[in-house]
């Protein structure tokens, strides 16, 4: 793809529609969220302040390419946004790659030893190559994949496994920091690809032990009324066009073990479109975790599907009921994965639940541990 010159990014803007329709928010809750929760969400989350992005990329060109009406929806909730200092520091001065040729090479024991704490800094040597807009994930020479290298290490203890993916991160500094710092490290975090300071947030998440997914904008049924942005993968695009847009998405940051969907009801329902995405992910050794929209899709790559959205109703009692249902599913099938959005009530409820659930005979697991190749 063309090399996009990225000037300094100014104050962040927010895709309010996308924020309320995260991949973690199921399609069934979309109408209610758009109509009833917009104002309440903005009041709960507060100002959308976050940091500057890694210098190779800017969203200015992306915003210029956006369809009519998309830019007007992107506005700070309250007043001017301010940078998040730690994310600016991490983004402008990326952490050095971990020593060692690959995850399976001389550094492997050190990587596995980090299972209880910080994950190794990204990028890991051997799992990336320069691309037109930044580093791109590749399969290492010894056959190990980025899906393996960047996943949180996990050893099953034989108990039913429970996983949660919390999405919509990177847009709101306060909510993103709360998710990173208060959730158990076994909770997988997914980040909006348009977020400024994206690499800094991912570095911070991995330093706290969280594995990471990137949210990939995919065409929904009601496009363009519901528009995931200028780098949306479109259903009628040719495979080369899909691969080109995907390169931009993948080069936004490093350190993720796979992708998850951001909307995508139309795209994921189309065989040709999905295969173009799956083919690119296979070639780069990445996993794909969906929010329930692609439960029947395989593609010969590591796959996991969320069984339920745990916060389609924004109350602690309703979220607790969804978590209990998730536990019941794990008892029946041996494992269960839920998805959620980074609402304050969700973060508080999930943090409390995650600290207690293993006392009831379950094992908390990262989403990568629940993937299977299909």
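Okay, here's what the table says:
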quantity	calculated
All helices (runs of 4 or more DSSP H) inside the stretch 217-304 with 2 or more residues being crowded, with 18+ Cβ neighbours inside 10 Å and free of Cβ contacts under 8 Å to residues at least 40 places away in the same chain	239-250, 271-284
Residue match in the stretch 191-202 (condition: assigned to a helix (DSSP H, G or I), buried (at least 17 other Cβ atoms within 10 Å of the Cβ) and out of contact with any strand residue (DSSP E or B) (no Cβ under 9 Å at 6 or more places or on another chain))	yes
Residue within the stretch 294-306 that is under 15 Å from the mean Cα position of the chain (by Cα) and on the phi > 0 side of the Ramachandran plot present	no
Selection from the stretch 324-374 of residues that are assigned to a loop (DSSP other than H, G, I, E, B) and either surrounded by 22 or more Cβ atoms within 10 Å (Cβ to Cβ) or within 18 Å of the chain's Cα centre (by Cα) (or both)	342, 343, 365, 366, 371
Among residues of the stretch 127-160, those that are touching a helix residue (DSSP H, G or I) at 6+ places or on another chain (Cβ under 6 Å), within 26 Å of residue 358 (Cα to Cα) and either at pLDDT below 95 or surrounded by fewer than 24 Cβ atoms within 10 Å (Cβ to Cβ) (or both), counted	3
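The values are calculated or read from the model by the stated rules, or taken from the named source; none is laboratory data. Since this is a predicted model, take the numbers as computed values, not measurements. Please note: Cβ atoms are built from the backbone with ideal geometry, for glycine as well, and neighbour counts cover all protein chains shown.
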